[in-house]
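Peer 1: Quick one: the structure is below, and I'll ask about it shortly.
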Amino acid sequence: MVAVSTVVPGAVEVQTLWWIQTQTVANVQSVVALQSIQDDIDLGEAEAMALALELKADLLLMDERRGRALAANYGLSVTGLLGVLLQAKRNGFIPFVKPVMDRLIEEADFRVSSQLYATVLKTAGE
């Protein structure tokens, strides 16, 4: 797990909720290899990809465009937070996507282009 020097929204929950399991990468060299292939991939993205490959994960949650592209090159299925929100609405866990996106943008400094924002709302039927 990557250490972060600033408070990140959700960090406490990841560390304390019983149903969230953390796991470290077994092959640290694979993390180094991923970072050497594409030098603008940060440590957290490289670790997430390496772990997803080790676990043969069905899905990798990643928002950064560069990381998503590299993960796709390795055959990983990737979705981002906005994809999770859309699925949460489809499954009835949240009634609307827009207020959640707006809070992420305002409170968590989540960056999303106006075009993607509009596309997500259209997909959500909002």
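Laboratory data are not the source of any read-out in this text; all were calculated from the coordinates shown. Computed from a predicted model, the values in this text were never measured in an experiment. Please note: Cβ atoms are built from the backbone with ideal geometry, for glycine as well, and neighbour counts cover all protein chains shown.
Peer 1: Mind checking the dipole of the stretch 64-106: about its Cα centre, +1 per Lys or Arg Cβ, -1 per Asp or Glu Cβ, Debye to the nearest 20? Provide the component values of the computation, followed by the final result.
Peer 2: Details: 7 positive and 3 negative charges, 22 e Å.
For the stretch 64-106, the charge dipole is close to 100 debye.
Peer 1: Excluding residue 71 itself, what net charge comes from residues whose Cβ is under 10 Å from its Cβ, given Lys and Arg +1 and Asp and Glu -1?
Peer 2: On the way: positive: 66, 68; negative: 45, 64.
Charge balance in the 10 Å sphere: 0.
Peer 1: Also, quick follow-up: Among the complete DSSP H segments of the chain, which ones combine at least 24 Å of alpha-carbon extent along their axis with a mean Kyte-Doolittle hydropathy of 1.0 or more? Don't skip to the answer; put the middle values down first.
Peer 2: Values: long enough: none.
Helices meeting the span and hydropathy rule in the chain: none at all.
Peer 1: List the lysines whose alpha-carbon lies under 16 Å from that of residue 122, not counting same-chain residues fewer than 8 positions away?
Peer 2: By straight Cα distance, residue 122 reaches 89, 98.
Peer 1: Take the Cα pairs of the stretch 81-124, get the Kirkwood Rh, then feed it into Stokes-Einstein at 20 °C and 1.002 mPa s and tell me D in µm²/s.
Peer 2: Working: Rh = 10.5 Å.
The calculation lands on 205 µm²/s.
Peer 1: About the Cα centre of the chain, what is the dipole size in debye to 20, counting +1 per Lys and Arg Cβ and -1 per Asp and Glu Cβ, all else neutral?
Peer 2: Numbers: 10 positive and 15 negative charges, 102 e Å.
Using only the charged Cβ atoms, the result is roughly 500 debye.
Peer 1: So, one more: For a quick protection proxy, order the peptides 63-74, 89-100, 40-51 by their average other-Cβ count within 10 Å, most packed first.
Peer 2: Working: 63-74: 15.7, 89-100: 13.0, 40-51: 19.6.
Highest mean packing first, the order is 40-51, 63-74, 89-100.
Peer 1: Place a point 7 Å from the Cα of residue 28 along the Cα-to-Cβ direction; which residues of the stretch 39-72 have their backbone N under 19 Å from it?
Peer 2: In the stretch 39-72, the label zone of residue 28 (backbone N under 19 Å from the point 7 Å along Cα→Cβ) covers 42-55.
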